[in-house]
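I have a structure I would like to understand better, so I am pasting it below and will then ask my questions one at a time.
The values are calculated or read from the model by the stated rules, or taken from the named source; none is laboratory data. Nothing here was measured: the structure is a model prediction, and the numbers come from that model. Neighbour counts run over all protein chains shown; Cβ positions are idealised from the backbone, glycine included.
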Ligand SMILES: Nc1nc2c(ncn2[C@@H]2O[C@H](COP(=O)(O)OP(=O)(O)OP(=O)(O)O)[C@@H](O)[C@H]2O)c(=O)[nH]1
Ligand SMILES: [Mg+2]
């Protein structure tokens, strides 16, 4: 039997379950997950290996209307994933009602001749959603994941050999994950709009028996800084300890994490700052 390899771009609205699906299939954390929309900010590759196939999934930011430069950066990522992929896996959240605009945009992709598989995610929490998808699945319970992979493999082009080595499961460097684990902790611990205004900058990363990480949490306003730090520094301490645990699990080593909170008004619209943060 011929080997198959291809890129599958996973698209959908914010919070549709794209990152959760990819993590589950890869078996590693390649993308942070939270209950808040717009968690993923850029494309991340997650590699899944089978006996006669290799799939390079592209996790993408959730599709949303743009207002800041950061939003524009995020949607540029979606467009590039969409145009570079062999297959598009479009996720519809079946725990929510169907959305007319979304259905129209799926029809347009098909009309444009794109190789689209439409899947309803979160079928463990299914609501009345009449949209007829190719398949439904749950990344939480694992229902239909094998069928979903089979469906995708059928659509992949043939290839001589895998593109990624056995032990290579992503395209991002370690420092990226370190920053993302810290951002994930802020998304989980902070409320409302504050986490959306946060970026993380790794100021120092020193590998050794113990890994030393100094990181800046960049936020939009002085009032946000106060909330992030919390009474007697309690909130920042919680964020740090959650992030450190994820980092230690990922690296398999102890981590010494030092956090600083900085205010950088309107960084989401500052091209230089965005470049410095890696959003370029
Ligand atoms: N019940 C249930 N919840 C799920 C499932 N998949 C994901 N979730 C939850 O849905 C929320 C969003 O998941 P993400 O994987 O971050 O969604 P996303 O599409 O990557 O979101 P963005 O990065 O913001 O675009 C999280 O709270 C997940 O735990 C599922 O199969 N069942
Ligand atoms: Mg995501």
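Please enumerate the residues belonging to segment 25-34 that are more than 8 Å from the chain's Cα centre (by Cα) and either part of a loop (DSSP other than H, G, I, E, B) or within 8 Å of ligand 1 (Cβ to nearest atom) (or both).
Within segment 25-34, 27, 28, 29, 34 qualify.
Restricting to segment 36-47, what's the tally of residues that are in contact (Cβ under 8 Å) with a residue 60 or more places away in the chain and either at positive phi or part of a loop (DSSP other than H, G, I, E, B) (or both)?
5
Still on this structure, please answer the following. It is to be established whether one or more residues within segment 48-56 are touching a residue at least 60 places away in the same chain (Cβ under 8 Å) and within 12 Å of ligand 1 (Cβ to nearest atom).
Checked segment 48-56: no residue is touching a residue at least 60 places away in the same chain (Cβ under 8 Å) and within 12 Å of ligand 1 (Cβ to nearest atom).
Filter segment 111-124 down to residues that are surrounded by 14 or more Cβ atoms within 10 Å (Cβ to Cβ) and either outside the structural domain of residue 16 (by TED's automatic domain parsing) or away from ligand 2 (no atom under 16 Å from the Cβ) (or both), then give me how many there are.
8
If only one of 29, 39 is closer than 16 Å to residue 195 by Cβ and either near ligand 2 (Cβ under 9 Å from one of its atoms) or in the same structural domain as residue 88 (by TED's automatic domain parsing) (or both), which one is it?
39
In this structure, is residue 81 assigned by TED's automatic domain parsing to the domain that holds residue 59, surrounded by 17 or more Cβ atoms within 10 Å (Cβ to Cβ) and more than 22 Å from residue 65 (Cα to Cα)?
no
Residues in segment 138-148 that are closer than 15 Å to residue 15 by Cα and more than 16 Å from ligand 2 (Cβ to nearest atom): how many?
Selection size over segment 138-148: 1.
For segment 164-280, give me every one of the helices (runs of 4 or more DSSP H) that falls completely inside it and has 2 or more residues that are within 22 Å of residue 46 (Cβ to Cβ) and out of contact with any helix residue (DSSP H, G or I) (no Cβ under 6 Å at 6 or more places or on another chain).
In segment 164-280, the matching helices (runs of 4 or more DSSP H) lie at 174-189, 234-251.
Are any of the residues in segment 9-21 away from ligand 1 (no atom under 11 Å from the Cβ) and either assigned to a loop (DSSP other than H, G, I, E, B) or within 24 Å of residue 103 (Cβ to Cβ) (or both)?
Yes; the residues of segment 9-21 include at least one that is away from ligand 1 (no atom under 11 Å from the Cβ) and either assigned to a loop (DSSP other than H, G, I, E, B) or within 24 Å of residue 103 (Cβ to Cβ) (or both).
Moving to a separate point now. Which number in (1) within 20 Å of residue 175 (Cα to Cα); (2) within 11 Å of ligand 2 (Cβ to nearest atom); (3) crowded, with 21+ Cβ neighbours inside 10 Å marks the one condition that residue 47 misses?
Looking at each condition in turn, residue 47 falls short on (2).
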